[in-house]
Amino acid sequence: MDTSLEITLTVNGERVTRRVAARQHLVDFLREELELTGSHAGCEHGVCGACTLRVDGQIVRGCLMLAVQADGARVDTIEGLSDSGAIAELQKAFVERNALQCGFCTPGMLVAAADLVERNPMASRAQIREHLSGNFCRCTGYHAIVDAVESACRAVAGRKP
């Protein structure tokens, strides 16, 4: 019995139609079917945030969402945000503040941080920590990440009218 379903979604601005297994997670679909490997499959329980994506403008854990649930949706991955320049200020700040080490958490962290910068460029350090609380980093200790996000927020806020 075939349990695959056809889905159509827009990934990083490109319309995609594929047959997927009914129980395939969105992050696995992106990695295996579309070869977008920037989103990492870490804990596979929605705890670590390595698989963070934006679906219709909302932050989601790609390991907790089935690909079929994204049918008709707009999905933004780290590749799309990076290629479009949407996270250029964050990337620059992460490098300047040494806010990355092994890099495993970095794509998910950047997607979550981009969401915050877009929604609240005047976020306090406490708000930054709260917003990133679902993204774990075992290497940096978070101080440099918070510094980088704060720097990017201030840079973006300074350009807004």
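Kindly indicate whether A123 is assigned to a loop (DSSP other than H, G, I, E, B), farther than 22 Å from E33 by Cα, touching a strand residue (DSSP E or B) at 6+ places or on another chain (Cβ under 9 Å) and aliphatic (A, V, I, L, M).
No: the conditions fail for A123.
Output the number of the condition that G49 fails; it satisfies all remaining conditions of (1) surrounded by fewer than 21 Cβ atoms within 10 Å (Cβ to Cβ); (2) touching a residue at least 60 places away in the same chain (Cβ under 8 Å); (3) not aliphatic (A, V, I, L, M).
For G49, the exception is condition (1).
Condition first: more than 13 Å from the chain's Cα centre (by Cα), crowded, with 23+ Cβ neighbours inside 10 Å and not in a loop (DSSP other than H, G, I, E, B). Now tell me which residues in the stretch 55-101 satisfy that.
A67, A70, A93, F94
Go through the stretch 126-161 and give me each residue that's of a type in the set (A, V, I, L, M, F, W, C) and in a loop (DSSP other than H, G, I, E, B).
L132, F136, C137, C139
Suppose we filter the stretch 21-60 for residues that are of a type in the set (K, R) and touching a helix residue (DSSP H, G or I) at 6+ places or on another chain (Cβ under 8 Å); how many remain?
Total meeting the criteria: 1.
S39 fails exactly one of the following numbered conditions: (1) in a strand (DSSP E or B); (2) of a type outside the set (A, V, I, L, M, F, W, C); (3) under 12 Å from the mean Cα position of the chain (by Cα). What is the number of that condition?
Looking at each condition in turn, S39 falls short on (1).
Does the stretch 102-112 contain any residue that is at pLDDT 95 or above and touching an Asp or Glu at 6+ places or on another chain (Cβ under 8 Å)?
yes
Can you confirm whether V117 is part of a helix (DSSP H, G or I), free of Cβ contacts under 8 Å to residues at least 60 places away in the same chain and either assigned by TED's automatic domain parsing to the domain that holds D28 or of a type in the set (V, I, T) (or both)?
On the way: part of a helix (DSSP H, G or I): yes; free of Cβ contacts under 8 Å to residues at least 60 places away in the same chain: yes; either assigned by TED's automatic domain parsing to the domain that holds D28 or of a type in the set (V, I, T) (or both): yes.
It is true that V117 is part of a helix (DSSP H, G or I), free of Cβ contacts under 8 Å to residues at least 60 places away in the same chain and either assigned by TED's automatic domain parsing to the domain that holds D28 or of a type in the set (V, I, T) (or both).
Could you list all residues from the stretch 1-54 that are at pLDDT 95 or above and among the β-branched types (V, I, T)?
I7, T8, T10, V11, V16, T17, V20, V27, T37, T52
To keep it simple, each residue is scored yes or no on (1) farther than 20 Å from V20 by Cα; (2) of a type outside the set (S, T, N, Q); (3) touching a residue at least 60 places away in the same chain (Cβ under 8 Å); (4) not assigned by TED's automatic domain parsing to the domain that holds R154.
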residue: L64; (1), (2), (3), (4): no, yes, no, yes
residue: D71; (1), (2), (3), (4): no, yes, yes, yes
residue: G103; (1), (2), (3), (4): yes, yes, no, no
residue: G108; (1), (2), (3), (4): yes, yes, yes, no
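Any residue at all in the stretch 4-15 that is surrounded by fewer than 14 Cβ atoms within 10 Å (Cβ to Cβ) and of a type in the set (V, I, T)?
Within the stretch 4-15 (the criterion being surrounded by fewer than 14 Cβ atoms within 10 Å (Cβ to Cβ) and of a type in the set (V, I, T)), the answer is yes, since at least one residue qualifies.
The values are calculated or read from the model by the stated rules, or taken from the named source; none is laboratory data. Quantities reported herein were computed from a predicted structural model and do not represent experimental measurements. Glycine gets a Cβ as well: all are built from the backbone with ideal geometry, and neighbour counts include every protein chain shown.
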